[in-house]
Structures are given as C-alpha cells and as structure tokens.
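**Student:** I have a structure I would like to understand better, so I am pasting it below and will then ask my questions one at a time.
The values are calculated or read from the model by the stated rules, or taken from the named source; none is laboratory data. What you see is a predicted model; the values in this text were computed from it and never measured. Here the Cβ positions follow ideal geometry from the backbone for every residue, glycine too, while neighbour counts run over all protein chains shown. Ligands, DNA and RNA are excluded from the accessible area calculation, which covers all protein heavy atoms including side chains. Shrake-Rupley method; radii C 1.70, N 1.55, O 1.52, S 1.80 Å.
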Amino acid sequence: MFKKLFTTAAALGAFMTPLHAGDLSTMSWDEIVAQAKEEGNLTWYVWYLQDDFRRAISSFEDEYGISVKIPDGDNAGNSQKMLAEKDRETGDIDVFAWGYDSFETVELKSLFNSLDKLPKDDGRVSKLAGVDGGDHVLAFWGNQSGIAYDPAKVSEADLPQSIDDFATFWTDHPNKFGFNYEKGGSGPSFYQNVLRNVAGVDFSNGEVSDARIAAVQPGFDFFNKHAANYIITASNVDNINRVSDKELWMAPAWEDHLAGLQNRGEVRKEIKFYIPEMGMNGGGNGVAIPKNAPHPAAAMVFVNWLTSPETQTMFNRDFGTAPMNAAADDSAALVPNEQRAFRQSWGKQPFRSKVEEAFIDNVILER
Amino acid sequence: MSYARLNSLLIVMIVTVALIWLAIPFTMAILWSLVDPAEPWTADKLLPPVMSFYRWVDMWENSSLKYALISSYSLAPTAAILGLCLAMPTAFALGRFNFAGRELAKLLCLLPLVVPPFITAIFFSALLFQLGLNTWRFGAIVFAHSILFLPYAIRILTVSFENVRQDHIDAARDLGASPWARFRVAYLPALKPGISATLLIVFIQSIEEFAIAFIIGSPDIVTIPTLLYSALGQDFVRPNAAVLSLILVVPNVFLMLILERLMRSANPALSSGKG
Amino acid sequence: MTMRNWIQIFALLMPGLGLILVLIGSVVYIAIAQSFGYYALLGESAFSTEFWSEVFSRKIFSRAVRYSIYIGFWSAVLSVALAYPLAIWLRKPFPGSIGLGALLKAPLLVHGLVAAFLYINVISYNGLLNQTMQGIGIWAEPRRLQNDSNAFGVLLLQVWKNMPFALLVLTGSVQGISDDVLDAARDLGAGPWARFRKIIAPLTMSGMQAAMVIIFIGALADFTFQTTVGPTNRQSMAQLMVSFKSRGDWHSAAVVGVSLMIIALLGSALLALLTRTVMRGSPR
C-alpha cells in the first residue's frame, strides 16, 4: 500500500496521455452524431441556474434522443472535481461550464478535447473577456456588469456616467454606494474601469512592470480621497441585497444575476440596471469537453447545440444573456442596445491580477 | 438562597438567553422559508409581505432533496461508526499509556483538520481515485469522511479514556472479571459520554462536508450540502436555503435527544455506590 | 517501557494515527511540495523558493496571519469560557437538564452559511436590531453594523457555532469526575474554590485542551464567516488562499496553506500548554 501510495502521489502531478483523443478525429460530423446517439446520454457540469437549465435543454433531448444530466453543485465544487479527476482514465464530466476567465488559469490543451470537428460556424465565439479559448473552449453565455440602482432614490437622468459624476454622487450622498472587491466580478469591474479612466491604464496590455503598476497610483488616490463616502461590500449578491433592502442606492451587479434574483422573488422587481458611459466589463461563461469525458461524441453534439444561433436566441429571451453567436437575435436584452457600446473587456493577465493585488494593498487595506 | 432556588433561577436565566440565542435565528429561518416568490421580503418589513408554503412544496417535489436525504442520512451514521472504530485503539493508547512522544502523537492526530480544504478536496480525492476506491462511491465517501474527522473522534475519546478510573479496572480484575466484563464494568460507563459525543460530532461533520462528498459522489450520489451550496452559492436564494436548513435540523434534533438520553444513562454507574 | 509495550502501543496507533499519517500525510507532502513549485496544475513544475519570498513580502499576508490568529484565539477562549460553567452546572441531572442541554447544543445543527445569513438579516441597516433600537429611542438613526472592522460579527458567529461543541466535549469530561472524590474532599473541609482548583480543574484539563485546540484550528481557517460578515478591510488566511487559487496561482495559495498548517499546529501546542498553565493542573 505504501509503495502504491507514493507512486500515485508522484503521478498526480504529471499529466496522463489522453485516451479518447484519437477516436473522434477521424470521423465525419454525421458519424459523430451517430455515435452520440449510441452513447445516449451525457452529464453537463454547470455551476449556476441548474433548475432552469434542466428545463432549457429539453429541446436538445427531444431533437437527438440523448438525455442530459445536470448535477447540482457550485463553482468551486465543479472546478475542484474537474481538477481532481483529470488523471482518471474515464471521468464523470462530459461537458464542463466555467467562467470564461477561469479557463485562463489552466492549460487548455492538456485538459480538454479539441472542438475543431464541430460543423463550421463563424458566428460562434471563442475569444471573450480578453481570453482566447482557441479550439478548446466556446462561449455559451454572455453577461454584462453594470450598476443596479433604486429608481425611487436616483432618477434616470441623475445616474452617474463619468468618474466625476461618481465622485459627485459619493460626496452628495455619502455611503449610499457600495461595491465588492472580491467574491464576484461586478465590483472589480467597477473599480478597474474607474482606474482605467482616472489613470489612463491600458488593461489590454498584459505586461507587468513596476512602472506600469506605479502608473495606476492616481487611480488609487482617487479612491482613497473619497474613502469615507463609499462602502465596501462582501460579494455580488450582497450588493444587490443591500440595494433591495433600501440601504444602498446603487451598487455594481451582473445583468443576468439581477434578473435571476428578481425572477425568483429574492429581491425587489423595481430595481433597475444600467451601464455607465465610463464603461464596465462584459464577460461570460464557456464550455469545454474534458479529455476523459465518458461520452465524448454526445458532448460534442451538445456543445454544437448549445452554441447554435437558435439556442443563443432562446437564452437571450429566457435569461437576458448577451447571445454568443453572431447569427442569434438579441432583441430581448434587459439593457437598451445603445448602452452595450459602453462594454469593456476584462484586463489581460498577468497585469490585471497585479493591479487587483495593488488595489487591495493600497486602497482596501488602507481603509 | 437555597441551592434549589439558585438552580431554578439559573434555569430561567439560561433558558431566556438560549431562547434569544436560538429563537431569533430559528424564527427568522422559518419566516424566510415562507417567503412567496410573488414578493420579496426586504429588511424594512417586519414580516414577509406574502407568505406561503410554495418553497417547501417546490423543494420537496422538484429537487433531488429526497435522494439527498437518503444518501446523507445513510452516509453520515456509517462514517460516524467507522470513525469511532478506527479511533478507539488510538484513543486507548493515548489515554491509558504514558509513553514518550505521546504529546507529539496527539498533535499529529490533528493533521486532517489543519490541511487546507482545497488541498484535501483535490489531492485527497485524487488519491482515492488512484487507489481505485471510486468504483464504489458510497464506500469511498464513508472512508474519506471517517479519516477526515478522525481528529475529533480521537481527541474526544482520549479524554474519555483518561477518565476511566484505575481503581475500577483493578477492582474488576481482582474480582476475576473476564476482559469483556472488565471493559463493560470499568471502561464503558466512563466512555459512554465520549462515544455519543464522537458519534454526534462525526455525524454532523459528515452531514455538512461538501467538497469531498461532491467530488467523489457526483453525479451518482447527491448529498444535502451539495443542494445547500447550490442554494447558497452564486445565486444565494435565501428562502430556499432556509427551507433546506430547517429540513436538516428536524431529524438532527431527534437524533441529539436520543444521544443525550444515552449519555445520561451512563451517569449513575459512574458515581458508583453513593448514587 | 519494554519492547512488548512499544509494539502494543504501535499496534494500537495503527488504525487511527497510522491511517492519518499515511493518507493525510501524503496530502500534506503534496501541499508542501506545491508551495515550492512542484505539482503545478498548469505549466512546468520546478523547485523554487520565489513563492515563499513573494508571499511573505506582502503586507496583506502578515496582516492576514495576525488577523486569523486573533479570530482563532478569541473564538476558542470565549467558547470554552462560556461552555465550562455550563458543563459543570449540567453535570448532575436535574429535571429539564436533558432538554436544556439539547437546547444549548442546537446551533451545532445549523449550517454555518445559514447562520451567517440570518445574522446579517438581524443586524442589517434596516434590519431587526436597528429597527428595535430606533423604536425604543436609543439610536436616532440606523447604524451600519455589517462587516464591522473589529470582527465582532465573526467572533459572535464562531462562539455561536463552537460553544455547543465545547459544551459537548466538556460535558463528557466533567461527568468523569466521580462524586466520591468530591464528597471526600468536602469531608476533608475543602471549600468550593479549593474543590474546583484541586479536583475539577485538573480532571477536566484534558477536555479543555481538546476543545480549545479544535476550535482554534477551525476558527483560524475560517472562510465562510469571514467572507460574509467579516471586516472588508482585511482578509483571513483562508480567504487569501482562495483568492490566490482563483487567480490560478496554486503555488502562492499553497504557501499560505502551509503557513496556515504550521500556525495551526504550533498554536495548538501553545494553547494546550497555556491551558495547562492556567488550570495549574498536573498532567496525569
């Protein structure tokens, strides 16, 4: 037992050679679909809205006769499972959904199957939020961060648009605005865009140097100057809850998150959402097929369905997401289309992480 | 003031504190569970504006709650018993023998508690996968949980073994009792509270453990924390979380009352003779 | 001790401590190796001390260490201090004591996350507490109590959750004190304080140590309470670890994790020692 333990402990770090990679690469799409039907089922690990997705995928099940299982689980649990079983010969995950920027934290080609056998469709999105998913990841869920506000307190005409507007709002209404700096990306999207505007930082460049970090300082000074007039909250959901509870008037939020909470009767329906002119980030979730997927062909067919214009139109209609296929219809979005122009991309790594660390050191810890 | 008066005064005081300590959170949980999706409950309202059992019914009918209850309530007691069995010999050694390195051994027993959860979750599960334990998911989770919560079992039982009185053991031996009779007469009475405490703690820890049960069990075995983390995760749905935690509390309370009774039954034997 | 005794002890330790050392020991080994650059989940694995020096040079790390120790220490001390008198009081059964014991232990059965959200509800800006205080005219306007910077919220929740655990452990330990011994001491003229110091304190020390150490370790590594009700201007070690991990920086996360393990073990040893000194009991 000892010997086995130590050899396995040693093997845990090394990547195993893929087992299924060769099978599908020689097949035509029709053959893949045929094999998928033979496999008959697949398991999709998606970390949010599982109940709604179970309803949404029924048209796929009807069309192909392949049943889809969506296990419950949260983001951390799903990613830990994916990483823990990466060396198993056959895993449990067929299709894996993850925040698009999370895919950047792993090595795609050693973990996931190539998707180049999918029927050609230029409308699909594999570059999102500053991350290039290449042949391995496709976006299926687009979302947008912005500001949730209570229209009873702030009228549409008075909504802050520029950083100066925000500074004025903070001064006029102390402690009625709050944002999170972790546990969810809405707050980080807000402060990073403020930093970008104040200090003129170029987030599209991922290079790290002391000079580049030092150049962000005016942005930190801006936050420190107004420190007494805004609140630091605990998470994405804390932001929305505190606006709903009438404590805060405005707080950063995700469009789809707010819509979901309102649909469930969790927060007030009156709360509205906008994207300020200074810009806030858009992002999304992507899917990939692990190398040890037990039903690789069915997974492939499912990814094809998920990223199709029809499915993306449906998601836009039912969940208020930004469609992740150029041919999809996005008329049902929650934000007026002209505001979409203020959408920004997430900063490139590793620069973005360094700015986040510096923000914590220079602003959060100084409070 | 007489002892009895003082005692009843204390009871009243503690019950009052305990009620505030418990009644507020539990009442709030019950109220939250009754929030109807038609209108949210905001903090400025004393009671939810619209109340119904919608969440309870919905949760019971449309989620994996039933399977989760079955698997959690069969996993946890099994893990508790296995943990108890594994911990007994070590606790016996730590509690009854004075050997060099005993304090170090006690400290090392805490290892599973100090390893950061994400390291345990990923690498311990991967280790179990590599050992081939994943073919029997139920067994793998039971095994993992009993190892993970051994520190509680060992620590609590060590304290109990230390409480066994040498004169009782000696007396039993002098009277010619067999090893089993000696255990029953001298050890068991002192161990009983420790045994029930161990069972309770490992049971509760196992019921609450999420990461490993999820990584090894999913998608075949769903446990209650999996549902709880879905409800409390990104889309922290407060009413659903309240329903789930209340459903969890009910069987646990019964269990605790039973254990509490078992524990008391140990007492008379302890105060041997004088009663 | 004879050879035979040693073999006996070794055999007894095997199923408990032995399994822990083999299974969890190898996981600990991986954590340590990871903090030095091995077991990379992406990219190359190579030996490096850079993660240690990088993490140790950051202000947020030293703050997190101090903060986590603060939470761990006070959670343990307060929980045990509250549970101890209760355990002694509940030692002898009286009418209603079973129900009372169960009542006091009920928080064990509530998941920490749920407790945290209920607590936030009570103290939130327009919540129950603020409304009550304004209603009886003590506060003129609502106060912001959420995420207080002294972490009283975290400590309160820790005590709420851990006091019952301490009570459980201590109950077992005070019940081990036999009435004969106490009566004998009384017959010899020992007052209540002397009886406590000479008999109860030494005999319950081991249970006290166990409760202190286990609560300390749990609170030291707190993530749930810290991220929901904790102060927003500092991070706990577990929180820092998770934030490194979510950026894909597994090695730095492991550095924090290994530091956490070392502090937990050292702190436990110190706490056990401290408990013994305070109780002035002699080891059995």
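**Student:** Under a point-charge model restricted to the Cβ atoms of Lys and Arg (+1) and Asp and Glu (-1), what is the dipole moment magnitude of the protein assembly as shown relative to its Cα centre, in debye to the nearest 20?
**Tutor:** 4780
**Student:** Now for a separate question. Give the long-range amide H neighbours of A:T43: residues separated by 5 or more places, or on another chain, with amide H under 5 Å away, using H modelled in the peptide plane at 1.01 Å from N.
**Tutor:** Counting only residues 5 or more places away or on other chains, the set is A:K69, A:D94, A:V95.
**Student:** Work out from phi, with θ = phi - 60° and the Karplus expression 6.51 cos²θ - 1.76 cosθ + 1.60, the ³J(HN,Hα) of each residue of the stretch C:215-220, listed in order in whole Hz, and give x for Gly and Pro.
**Tutor:** So the J values, rounded to whole Hz, are 5, 4, 4, x, 6, 4.
**Student:** Identify all aspartates and glutamates with a Cα-Cα distance to B:K192 below 17 Å; exclude those on the same chain that are fewer than 8 residues away in sequence.
**Tutor:** B:E162, B:E260
**Student:** What aspartates and glutamates sit close enough to B:K45 to cross-link, taking a C-alpha to C-alpha distance under 19 Å and skipping anything fewer than 8 places away on the same chain?
**Tutor:** Of all the aspartates and glutamates, those that pass the test against B:K45 - Cα under 19 Å, at least 8 places apart if same chain - are A:D150, A:D238, A:D245, A:E247, A:E266, A:E270, B:D36, C:E141.
**Student:** Further question: Could you let me know the centre-to-centre spacing of the stretch C:103-146 and the stretch C:222-256, using Cα atoms, in angstrom?
**Tutor:** 25
**Student:** Who wins for biggest fluctuation among C:D187, C:D249, C:D148 in a Gaussian network model of chain C, springs between alpha carbons below 10 Å?
**Tutor:** C:D187
**Student:** Here's a follow-up. Restricting to Cα pairs below 8 Å that are 6+ residues apart, what does the relative contact order work out to for the stretch A:29-132? Please round to a whole percent.
**Tutor:** Worked out over the stretch A:29-132, it gives 31 percent.
**Student:** From the convex hull of the Cα coordinates of the protein assembly as shown, what is the mean projected area in square nanometres?
**Tutor:** Across all orientations, the protein assembly as shown yields a mean hull projection of 40.2 nm².
**Student:** Follow-up question, since we're still on this one. Over both sides of the A-C contact, add up the buried accessible area with a 1.4 Å probe and give it to the nearest 100 Å².
**Tutor:** Counting protein atoms only, the buried area is about 3100 Å².
**Student:** Name the residues whose placed amide hydrogens come within less than 5 Å of the amide hydrogen of A:W141, ignoring near sequence neighbours (fewer than 5 apart) on the same chain.
**Tutor:** A:N285
**Student:** Tell me what the protein assembly as shown gives for mean residue ellipticity at 222 nm when only DSSP H runs of n ≥ 4 count, each as -39,500 (n - 2.57), the sum divided by the residue total, rounded to 500 deg cm²/dmol.
**Tutor:** -17500 deg cm²/dmol
**Student:** For chain B, what Kirkwood radius comes out of the mean inverse Cα-Cα distance, in Å?
**Tutor:** 21.9
**Student:** A further question follows. Along the stretch B:243-250, what does the Karplus equation 6.51 cos²θ - 1.76 cosθ + 1.60 (θ = phi - 60°) give for ³J(HN,Hα), rounded to whole Hz, x for Gly and Pro?
**Tutor:** Values, residue by residue: 4, 4, 6, 5, 4, 5, 5, 4 Hz.
**Student:** Let me ask something else about it. How much solvent-accessible surface does B:I147 expose, in Å² to the nearest 10, with a 1.4 Å probe and all protein chains in place?
**Tutor:** 0
**Student:** At a probe radius of 1.4 Å, what is the per-residue accessible area of A:S331, in Å² to the nearest 10?
**Tutor:** Using a 1.4 Å probe on the heavy atoms, I get roughly 90 Å².
**Student:** Now for a separate question. In whole percent, how big is the carbon plus sulfur part of the accessible area of chain B, probe 1.4 Å, protein atoms only?
**Tutor:** Percent of accessible area from carbon and sulfur atoms in chain B: 70.
**Student:** So what is the relative contact order for chain B, in percent, with contacts set as C-alpha pairs under 8 Å and at least six apart?
**Tutor:** Across chain B, relative contact order equals 25 percent.
**Student:** Just to make sure I understand: if all protein chains stay in place, what is the order of C:K161, A:K348 by accessible area at 1.4 Å, largest first?
**Tutor:** Highest to lowest solvent-accessible surface, that is A:K348, C:K161.
**Student:** What is the Cα centroid distance between the stretch B:80-115 and the stretch B:10-59, reported in whole angstrom?
**Tutor:** 41
**Student:** Give the interface area between chains C and B as buried accessible surface, both sides summed, probe 1.4 Å, in Å² to the nearest 100.
**Tutor:** Buried: approximately 8400 Å² between B and C.
**Student:** Continuing with the same structure: Rounded to the nearest 10 Å², what accessible area does A:D202 show when all protein chains are kept and the probe is 1.4 Å?
**Tutor:** 80
**Student:** If you don't mind, there's one more thing I want to ask. For C:Q8 and C:F196, FRET efficiency with R0 = 35 Å and r from the beta-carbon atoms, rounded to 0.05?
**Tutor:** Using R0 = 35 Å, I get an efficiency of 0.45.
**Student:** Past the 25 Å Cα-Cα mark, which pairs from A:K86/B:K106; A:K183/B:K66; A:K69/A:K117; A:K225/A:K348?
**Tutor:** A:K86/B:K106; A:K183/B:K66; A:K225/A:K348
**Student:** In sequence order, what are the phi-derived ³J(HN,Hα) couplings for the stretch C:237-249 according to the Karplus relation 6.51 cos²θ - 1.76 cosθ + 1.60 with θ = phi - 60°, rounded to whole Hz, with x for glycine and proline?
**Tutor:** Rounded to whole hertz, the list is 4, 5, 5, 4, 4, 5, 5, 5, 4, 6, 8, x, 8.
**Student:** A further question on this structure: Give me the percent relative contact order of chain A, please, defined on Cα pairs under 8 angstrom at least 6 residues apart.
**Tutor:** After rounding, I find 27 percent.
**Student:** Work out the count of Lys pairs in the stretch C:57-279 where the Cα-Cα distance is under 21 Å, with the pair 8 or more places apart or on different chains.
**Tutor:** 4
**Student:** Relative to the compact-globule scaling 2.2 N^0.38 Å, provide the ratio for the alpha-carbon radius of gyration of the stretch C:212-284.
**Tutor:** Cα-based Rg divided by the globular estimate yields 1.36.
**Student:** Any chance you could give the angle, 0 to 90 degrees and rounded to 10, that helix A:75-84 forms with the longest Cα principal axis of chain A?
**Tutor:** 40
**Student:** Give the shape of the stretch C:57-279 as rounded, prolate or oblate, defined through the alpha-carbon gyration tensor: a ≥ b ≥ c are the square roots of its eigenvalues, a/c under 1.5 means rounded, and otherwise the shape is prolate if a/b is larger than b/c and oblate if not.
**Tutor:** oblate
**Student:** So, one more: What whole number of Å gives the distance from the Cα centroid of the stretch A:175-216 to the Cα centroid of the stretch C:32-90?
**Tutor:** Value for the Cα centre distance between the two parts: 28 Å.
**Student:** Moving on. Quick one: order A:T26, C:T232 from most to least accessible surface, probe 1.4 Å.
**Tutor:** Most to least solvent-accessible, the answer reads A:T26, C:T232.
**Student:** For the full complex of protein chains and a 1.4 angstrom probe, list A:T307, A:T171, C:T228 by accessible area with the highest value first.
**Tutor:** From most exposed to least exposed: A:T171, C:T228, A:T307.
**Student:** Can you quote the Å³ per residue value for the convex hull of the Cα atoms in chain A, rounded to an integer?
**Tutor:** Measuring per residue, one finds 158 Å³ for the Cα hull of chain A.
**Student:** On to the next question. With chain C treated as a Gaussian network of Cα nodes joined by springs under 10 Å, which of C:Y119, C:Y29, C:Y38 yields the largest mean-square fluctuation?
**Tutor:** C:Y29
**Student:** Follow-up. Where does helix A:2-11 land angle-wise versus the long Cα axis of chain A, in degrees 0 to 90, nearest 10?
**Tutor:** For helix A:2-11, the angle is close to 60 degrees.
**Student:** What accessible area per residue, rounded to a whole number of Å², is obtained for the protein assembly as shown using a probe radius of 1.4 Å?
**Tutor:** In whole numbers, the protein assembly as shown has 38 Å² accessible per residue.
**Student:** Let me ask another. Using only Cα atoms, find the angle between the long axis of helix B:188-208 and the longest principal axis of chain B, and express it within 0 to 90 degrees, rounded to the nearest 10.
**Tutor:** 20
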